[in-house]
Amino acid sequence: MRPFQTAEDVLAYISEADIQIVDFKVIDMKGRWHHLSIPSERFGPSVLTSGIGFDGSSYGFLTVEKSDMVFIPDLSTAFVDPFTDEKTLVFLANIFRLKDGQRLRFEDDPRFLAEKAETYLKAQGICDRALFGPEFEFYVLNHISYRTDTHHMEVRIDADQADWNTGDTTYRNLGAKVPPHGGYHVDLPMDSSYNFRSNTVRLLETHGVPVKYHHSENGGPGQVEIEVEFATLREMADRTMKLKYLLKNNAHLFGLTTTFMPKPFWNEAGSGMHIHMHFFDGDRPLFFDPDGYSQLSDTALYAIGGILKHAAALMPFTNPSTNSYKRLVPGYEAPVSICYGTANRSAVIRIPGYATEPHNKRFELRSPDATSNPYLAFTAMLMAAIDGIENKIDPVAAGFGPFDVNLYKLPEEERGKVKGLPATLLEACQALEADKDFLMKGGVFSEVLIRNQIERLTKEHYQISALPHPEEFRLYYEL
């Protein structure tokens, strides 16, 4: 689709492509899209100047008595929705608040935070762009149902390829089941979601989300991964939201359902969102030094130092669900040790051993998951990296490594010297409360946003911790 510059460009395309509906998608604090649609006849220049009003409190913004806000579409984000019956042109929108009759960018709009962080990076003279490359792990399932009542708690999850279906005789069972923890790169016919993923990848490519590859992952009951090509911070957050939208809606067309929950299955592999990062100034990569540790420059090592120093405080943005902390437990590939190393999947930061060329030299933060709002997660990660570079935080001097060994196999005395990530969402919120100043540099994060995030997540922690768990009945019912 050609880029739009003006309302007239959009109107010309609406006529040319026979667009019937124009849809606007607006992000909330949790990282979920909301949308509002208008007949194409109602689209005009006033949409770009006056915007469309909405209740910001219903998105988690502001307060009820001051909730009137407007959104204005970003014309650079247009795509045609492949799932609607009426031909629909979609725009992502920016949020504005009203003050003294004026429309001002809303300082806590997640898209605006991403813009502010990119501006701050340039203003500090570090480089002109930070590139992000997430890996999206998720489960493709055939059934999900759940119920929580005073007298009844139940979750049923099923995947046709799951090992527990090997003995099912209620249908013509053709086998091809995947053993527990045995899904990594399994081939057809066991890789039962392959055609769905390939179809989705073609959709992603068509809609401006270039894909590096996709494959089956470790989790036997349908875990898979899609890794995308690098992009700048806000662009990658936009692409993340688009990927989730296309993936989930396409799954419904295939009679499937997908989840990015970090730990949907007990005793199976969890799903993370490993985030690769590197910096460029023009065409010059800033993270490469042939003589540095693992060919990393001082700039890269300082960025690592900043992220590891603030690793716990990042988690209310990179791991903002109670379920996140069921994935982050010792002994699995999900890392809990605040350190770094080359090709080390047990460390919070891993330097890919295969990335040896200057333009692909980078590091990977392995703790985040995709329950996060991508704008907030990527922005927080960038602000920690900037803080490390500005303050020349040496990860070696700070005791973060490097560790090029399996941390889970270290002697207990040595392992105890390596700090661990917060074990609960409440601990993560407490860490953010104690370490938030780096996020507010340059006016990127506001204290109001941080306070609201802490309050919301703390409430969720206590809400879940108050629920009886079915396993507790086995342990304690007869005592």
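Hey, does region 443-451 have a residue that's at pLDDT 95 or above and within 21 Å of residue 262 (Cα to Cα)? No, the conditions are met nowhere in region 443-451.
Does residue 285 count as more than 17 Å from residue 401 (Cβ to Cβ) and in contact with a His (Cβ under 7 Å, 6 or more places away or on another chain)? When the stated conditions are applied, residue 285 passes them.
Only one of the numbered conditions (1) on the phi < 0 side of the Ramachandran plot; (2) in a loop (DSSP other than H, G, I, E, B) is not met by residue 181, and that is (1).
Scanning region 159-187 for residues that are out of contact with any strand residue (DSSP E or B) (no Cβ under 6 Å at 6 or more places or on another chain), crowded, with 16+ Cβ neighbours inside 10 Å and among the aliphatic types (A, V, I, L, M) turns up 162, 178. Against the conditions (1) buried (at least 18 other Cβ atoms within 10 Å of the Cβ); (2) outside any strand (DSSP E or B); (3) in contact with a strand residue (DSSP E or B) (Cβ under 7 Å, 6 or more places away or on another chain), residue 70 satisfies every one except (2).
If you check 146, 171 for being at pLDDT below 95, under 30 Å from residue 182 (Cα atoms) and of a type outside the set (D, E, K, R), only one passes: 171.
Within region 53-80, being more than 24 Å from the chain's Cα centre (by Cα), modelled with pLDDT under 85, more than 16 Å from residue 107 (Cβ to Cβ) and not charged (D, E, K, R) holds for one residue alone: 64.
Would you confirm, using the coordinates I've provided, whether residue 126 is in contact (Cβ under 8 Å) with a residue 12 or more places away in the chain, of a type in the set (Val, Ile, Thr) and assigned to a strand (DSSP E or B)? Here the answer is no, as residue 126 does not meet what is asked.
Residues satisfying the criterion are present in region 97-108 (criterion: out of contact with any His (no Cβ under 9 Å at 6 or more places or on another chain), surrounded by 18 or more Cβ atoms within 10 Å (Cβ to Cβ), assigned to a strand (DSSP E or B) and not β-branched (Val, Ile, Thr)).
Within region 188-198, the set of residues being surrounded by 14 or more Cβ atoms within 10 Å (Cβ to Cβ) and touching a helix residue (DSSP H, G or I) at 6+ places or on another chain (Cβ under 8 Å) comprises 196 only.
Screening region 201-318 for strands (runs of 3 or more DSSP E) wholly inside it with 1 or more residues that are over 16 Å from the mean Cα position of the chain (by Cα) and surrounded by fewer than 24 Cβ atoms within 10 Å (Cβ to Cβ) returns the ranges 211-216, 257-259, 275-281.
Remark: residue 254 matches the filter, which requires a residue to be assigned by TED's automatic domain parsing to the domain that holds residue 192, without any contact (Cβ under 8 Å) to a residue 60 or more places away in the chain and not aliphatic (A, V, I, L, M).
Residue by residue, here is whether (1) among the aliphatic types (A, V, I, L, M); (2) touching a Leu at 6+ places or on another chain (Cβ under 8 Å); (3) at pLDDT below 95; (4) in a helix (DSSP H, G or I) holds:
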{"residue": "370", "(1), (2), (3), (4)": "yes, no, no, no"}
{"residue": "378", "(1), (2), (3), (4)": "no, yes, no, yes"}
{"residue": "382", "(1), (2), (3), (4)": "yes, yes, no, yes"}
{"residue": "386", "(1), (2), (3), (4)": "yes, yes, no, yes"}
{"residue": "389", "(1), (2), (3), (4)": "yes, no, no, yes"}
{"residue": "392", "(1), (2), (3), (4)": "no, no, no, no"}
{"residue": "395", "(1), (2), (3), (4)": "no, yes, no, no"}
{"residue": "402", "(1), (2), (3), (4)": "no, no, yes, no"}
{"residue": "405", "(1), (2), (3), (4)": "yes, no, yes, no"}
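Among the residues of region 301-324, is any at pLDDT 95 or above and farther than 26 Å from residue 114 by Cα? For region 301-324, residues at pLDDT 95 or above and farther than 26 Å from residue 114 by Cα: absent. Checked against (1) touching a Lys or Arg at 6+ places or on another chain (Cβ under 7 Å); (2) closer than 16 Å to residue 138 by Cβ, residue 207 passes all but condition (2).
The values are calculated or read from the model by the stated rules, or taken from the named source; none is laboratory data. These numbers were taken from a predicted model, which means no experiment stands behind them. Every residue, glycine as well, gets a Cβ built from its backbone with ideal geometry; the counts of neighbours run over all protein chains shown.
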